[in-house]
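Laboratory data are not the source of any read-out in this text; all were calculated from the coordinates shown. For clarity, every value in this text was computed on a predicted model and none was experimentally measured. With ideal geometry, Cβ positions are generated from the backbone for all residues, glycine too; neighbour counts draw on all protein chains shown.
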Amino acid sequence: MQDIGTMYSETRKELIDVVIDYLWSHEKRIREIGFYGCVFPTERLMWAIITMYISFVSRNSPLLTKLKRIDERPIRPDGGKYIIMAGDKTEGQELDPNGYQGDILWGGYCGIMSDSCIPGNTTDMYYWLGVNCFAGNAYHPDIAHADATKRALLHWIYTSVIESWFSEDKLEPHGKEALAEAIADGLIIKDGSSYKPSFVIFTPEQIDKLREDIYRPLMEETEPILTVLGKRISAMHKADFPKITKSYVDYHTYVDLWDFGIYTLMYAAQDKKLWMPEKPEQGTPLTLVIIK
């Protein structure tokens, strides 16, 4: 929706610039948490930091958690109960052929994927967001689409290669194959007998510290402006779809508010605060975050 892009542009100073300035001003404190990847160059590290902030707000903002709670799912002709997410392509639409993102057009995105990875675990242990040139399926990390067994193996490989005891020689054939694939995909760099993941790895304690010490104060600071924007977006959808149920409007509002994170990445890149991959495959590890 072009109106959403215009809204984020008009309110950039009140929301997106606040997020960017806050995270960059807290860079030293973020690095002091000591997670793997904390020494990455700022313009690479902040991809992961913003990705995890988007996830945190989505799961903790009082407004967003309320909006995405769908109580009234309409029954569809196929018997399913779900919300349809689609754009209006009827005649007479005055759309900018360059897209509502204008000069910083990124095209589509693949919303954050996450999974517990380990059987019996209830906490998500990997996160990944596809944007810009690496949003397409061809550039998704294997862990995002692997079956449960393969996902658990990949998680173990990704978190074990940084340990001093790790040795490729001790791996079973399927483990060696998974490691070789990660190296070929650029997710892990082999340097002699050592391995260096190109993505960020947190322990549970470290990610909790990032969330509570860094993210929560920022979320609380920006919740009022998100509330204002939420009312504005909701009014747009009510005007467009007057006969749609409240849950339908709420969920569309949630999705459009969630997009603040995409615009944060876009504007940070526009300001040259983020490193932009020259090839799609170079972008894949930028937003990949693993929890040990």
Cys110 long-range amide H proximity, modeled H, under 5 Å: Gly130, Val131
Cα centre as origin, Lys/Arg/Asp/Glu Cβ charges: the chain dipole, Debye: 540 debye
Karplus (6.51, -1.76, 1.60) ³J(HN,Hα), θ = phi - 60°, over segment 22-37, in Hz, Gly and Pro reported as x: 5, 5, 5, 6, 9, 4, 4, 5, 5, 5, 5, 5, x, 6, 5, x
Point-charge dipole on Cβ atoms (K/R +1, D/E -1) for segment 207-269, about Cα centre, debye to 20: 340 debye
Entries of Lys13/Lys196; Lys231/Lys272; Lys68/Lys209; Lys13/Lys238 with Cα pairs more than 30 Å apart: Lys13/Lys196; Lys231/Lys272
At 0.890 mPa s and 25 °C, Stokes diffusion of the chain via Kirkwood alpha-carbon radius, µm² per second: 119 µm²/s
Likely footprinting exposure, Ile183, Ile201, fewest C-beta neighbours within 10 Å first: Ile183, Ile201
P(r), alpha carbons of segment 128-279 - 5 Å bins starting at zero, rounded %: 2, 7, 11, 13, 14, 15, 13, 10, 7, 4, 3, 1, 0
Exposed GluC sites (Glu not before Pro) absent: longest stretch of the chain, with sites in DSSP loops and at most 16 other Cβ within 10 Å deemed exposed: 164-277
Per-residue Cβ neighbour rank within 10 angstrom, fewest leading, Asp147, Asp115, Asp3: Asp147, Asp3, Asp115
Nonlocal amide H pairs with Ile188, under 5 Å, H built at 1.01 Å: Ile183, Ser198
Integer Hz, Karplus 6.51/-1.76/1.60 couplings in order for segment 163-178, x for Gly and Pro: 7, 5, 7, 5, 8, 4, 4, 8, 7, 6, x, 5, x, 5, 5, 5
Table column - 3J(HN,Hα) (Hz), segment 272-278, Karplus curve with 6.51, -1.76, 1.60, x for Gly and Pro: 6, 8, 10, 6, 9, x, 7
Cut-off under 5 Å, modelled amide H: who pairs with Tyr126 long-range: Asp115, Ile291
